[in-house]
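Written below as structure tokens is the structure these notes are about.
Please treat every number below as a calculation from the coordinates, not as lab data. Computed from a predicted model, the values in this text were never measured in an experiment. Cβ atoms come from the backbone with ideal geometry, glycine included; neighbour counts cover every protein chain shown.
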Amino acid sequence: MRITYDPEVDAAYIYLTDVELEPGRDTIPLETPDGSAMVNMDWKDGKIVGLEVLDASILLHPDLLAQATSPGRS
């Protein structure tokens, strides 16, 4: 698992696999407890492969964001 975070847009992506994610994933919006739907779940070949979190600084715990790298960096 790895996490990227872009503070300019306050968005994080949580990769649940080390396999390179290619186009062709299905994305399902998820409702957060307050109903703001700021999380998208990506599926590929019947498996959950990642989560996109918008407003990440609000929804994710700070220790998780501290592990994140910038998008485009490993």
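Let's see how each residue does on (1) in contact (Cβ under 8 Å) with a residue 12 or more places away in the chain; (2) touching a helix residue (DSSP H, G or I) at 6+ places or on another chain (Cβ under 7 Å); (3) not hydroxyl-bearing (Ser, Thr, Tyr):
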position	(1), (2), (3)
MET1	yes, no, yes
ASP6	yes, no, yes
ASP10	yes, yes, yes
THR17	yes, no, no
PRO23	no, no, yes
ILE28	yes, no, yes
SER36	yes, no, no
MET41	yes, no, yes
ASP45	no, no, yes
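So that you can scan it fast, the table gives a plain yes or no per residue for (1) surrounded by 13 or more Cβ atoms within 10 Å (Cβ to Cβ); (2) of a type in the set (A, V, I, L, M); (3) not in a loop (DSSP other than H, G, I, E, B):
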{"site": "THR4", "(1), (2), (3)": "yes, no, yes"}
{"site": "GLU8", "(1), (2), (3)": "no, no, no"}
{"site": "VAL19", "(1), (2), (3)": "no, yes, no"}
{"site": "PRO23", "(1), (2), (3)": "no, no, no"}
{"site": "SER36", "(1), (2), (3)": "no, no, no"}
{"site": "ASN40", "(1), (2), (3)": "yes, no, yes"}
{"site": "VAL53", "(1), (2), (3)": "yes, yes, yes"}
{"site": "ILE58", "(1), (2), (3)": "no, yes, yes"}
{"site": "ASP63", "(1), (2), (3)": "no, no, yes"}
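Identify all residues within the stretch 39-74 that are over 13 Å from the mean Cα position of the chain (by Cα) and either over 14 Å from ILE3 (Cβ atoms) or basic (Lys, Arg) (or both); write none if there are none. Matches in the stretch 39-74: LYS44, ASP45, GLY46, LYS47, ILE58, ARG73.
With respect to THR27, determine if the residue is outside any loop (DSSP other than H, G, I, E, B) and either in contact with a Ser or Thr (Cβ under 9 Å, 6 or more places away or on another chain) or surrounded by 16 or more Cβ atoms within 10 Å (Cβ to Cβ) (or both). Against the criterion (outside any loop (DSSP other than H, G, I, E, B) and either in contact with a Ser or Thr (Cβ under 9 Å, 6 or more places away or on another chain) or surrounded by 16 or more Cβ atoms within 10 Å (Cβ to Cβ) (or both)), THR27 does not qualify.
Residues in the stretch 29-72 that are in contact with a strand residue (DSSP E or B) (Cβ under 9 Å, 6 or more places away or on another chain) and of a type in the set (Val, Ile, Thr): THR32, VAL39, ILE48, VAL49, VAL53, THR69.
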